[in-house]
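Structure first, then comments.
The values are calculated or read from the model by the stated rules, or taken from the named source; none is laboratory data. It should be emphasised that the depicted structure is a prediction, and the values quoted were computed from it without experimental measurement. Note that we place each Cβ from the backbone using ideal geometry, even for glycine, and neighbour counts take in every protein chain shown. Accessible surface areas use protein heavy atoms only, side chains included; no ligands, DNA or RNA. Shrake-Rupley method; radii C 1.70, N 1.55, O 1.52, S 1.80 Å.
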Amino acid sequence: MTSPLLSAKDVSRSYVAGRAGWFRRVPRFRAVDGVSLHVNRGETVGIVGESGCGKSTLARLLLALARTETGTVTFDDIDLSGLSTAEWRALRARMQCVFQDTGASLDPRLTIRTQVREPLAIHRRPDPAARTQAVLEMVRLGAHLWDRYPHELSGGQVQRVILARALALGPDLLVLDEPVSALDVSIQAQIVNLLKDLQEELGLAYVFVSHDLGVVRHIADRVYVMYLGQVVEHAPKADFFANPRHPYSAALLAAIPAADPEALPKRAVITGDLPSPLAPPTGCRFHPRCPHAIARCAAEPPVLRRLGEHEVACHRSEDINPVALVPRHIAAKREFA
Ligand code: SF4
């Protein structure tokens, strides 16, 4: 069996959240807490969860844009910690990122062509002009736009430029953090289809970070669900969408907007806000919002255990059906495979 392209083992990262007082240590919160995952060559791994659950921090840890406090991240069996600048530079070309804030990713003073060419010049790649043209064609951006400035482009066109820039050096992996969340639904579909075509053409692997399960179901091969910095479920896409095993996953799926909400009975969705990561609940972090919680849930943190095709962190994963709280005909609509 070949080893994964990208692998994270037990990675954690905390941040300062305030100042120390006379009798108080500097408050910190764990944005990512003991997460393990892997990404195989040519596949798409979705990372989902509510805003503030640690998805974006995890994306930065996977790219070594933030330092891990515990655990290791390896890319093609190379440990990303402790690389020399030259080693890191060579590896960086193989793993690229597309972040949420598309506007901030481009320089408003430079034309599209110049910006796509920039990484090729930095990495001293041969024939940058031809490669620039090739990647702009790859993302299907019309040649009449190549010498324009970012503000002259629509949101979808800007996203294509950012993709072209990320592809310029011929990476094996793209980490995409909410890449379509700022776009209209029709443009989202175009970009997701483009990503799928590029993956097929180039054999790319994607880490697709999103709070939008509707988008994730169209692109991911496997799904990791995060809650307050931890992975609570991991499963192949078909198993995940057809039969989620964690109550939080079931609630996220029940919250996907339906085509005709009026025709549907009230859906079982979680209530209450995400608890503060500064003081996460004891035991299972989901217990204050979980309709299945028992006394043990508040006392003992569940660990991720295999359950068929799933990995689930829930004490009751074997004796409850989390989807049961969702009306049956809604569950039956989940034929996404
Ligand atoms: Fe709910 Fe308990 Fe499972 Fe947590 S461990 S998801 S509180 S049933």
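Using the heavy atoms of the protein chains and a 1.4 angstrom probe, tell me the accessible area per residue for the stretch 1-145 in square angstrom.
With the other protein chains kept in place, the stretch 1-145 gives 54 Å² per residue.
With charges set only on the Cβ (+1 for Lys and Arg, -1 for Asp and Glu), what does the dipole of the stretch 48-93 come to about its Cα centre, in debye to the nearest 20?
Magnitude of the dipole: close to 220 debye.
Using 0.36 nm per residue of separation minus the Cα-Cα distance, give me the extension gain between D212 and R306 in nm, one decimal.
So the extension gain works out to 31.3 nm.
Tell me, what is the FRET efficiency for S186 and A130 to the nearest 0.05, using R0 = 45 angstrom and their Cβ-Cβ distance as r?
Computed FRET efficiency for S186 and A130: 0.90.
Just to be sure I follow the definition: excluding the sites themselves, where is the longest run in the chain that has none of the GluC sites (Glu not before Pro) in a DSSP loop with at most 14 other Cβ atoms within 10 Å?
70-308
If you place +1 on the Cβ of every Lys and Arg and -1 on the Cβ of every Asp and Glu, how big does the dipole about the Cα centre of the stretch 1-159 come out, in debye to the nearest 20?
Roughly 500 debye, rounded to the nearest 20.
Taking the highest mean first, how do the peptides 31-37, 7-13 order by number of other beta carbon atoms within 10 angstrom per residue?
Ranked by mean Cβ neighbours within 10 Å, highest first: 31-37, 7-13.
Taking every DSSP beta bridge with both residues inside the chain, roughly what % is antiparallel (nearest 5)?
Bridges in the chain are about 60 percent antiparallel.
Ratio of the stretch 1-79's C-alpha Rg to 2.2 N^0.38 Å, to two decimals?
So the Cα radius of gyration is 1.29 times the expected 2.2 N^0.38 Å.
Just want to confirm a number: the relative contact order over the chain, from Cα pairs under 8 angstrom separated by 6+ residues, in percent.
19
Go ahead and set up a Gaussian network model of the chain, Cα springs under 10 Å, then flag whichever of A134, A242, A104 fluctuates most.
Residue with maximal mean-square fluctuation among A134, A242, A104: A104.
What FRET efficiency would be calculated for the residue pair D77, A295, taking the C-beta separation as r and a Förster radius of 25 Å, to the nearest 0.05?
0.05
Using a basic spin-label model with each label point 7 Å from the Cα along Cα→Cβ, how many nm lie between T2 and A238?
It is 2.2 nm.
Points 7 angstrom from Cα along the Cβ direction at A121 and A86: gap in nanometres?
Label at A121, label at A86, 2.5 nm between them.
Using a cut-off of 20 Å between alpha-carbon atoms, which aspartates and glutamates can reach K196, once sequence neighbours fewer than 8 places away in the same chain are excluded?
Cα-Cα hits under 20 Å: E43, E137, D172, D177, E178, D184, D212, D221, E335.
On the protein heavy atoms, probe 1.4 angstrom, tell me the percent of accessible surface of the stretch 50-164 carried by carbon and sulfur.
Here it works out to 50 percent.
Go ahead and set up a Gaussian network model of the chain, Cα springs under 10 Å, then flag whichever of T85, T70, T282 fluctuates most.
Evaluated over the chain, the most mobile residue of the options is T85.
Along its three principal axes, how long is the chain when you only count alpha carbons? Whole Å, largest extent first please.
For the chain, the Cα extents along the three principal axes come out at 65, 57, 46 Å.
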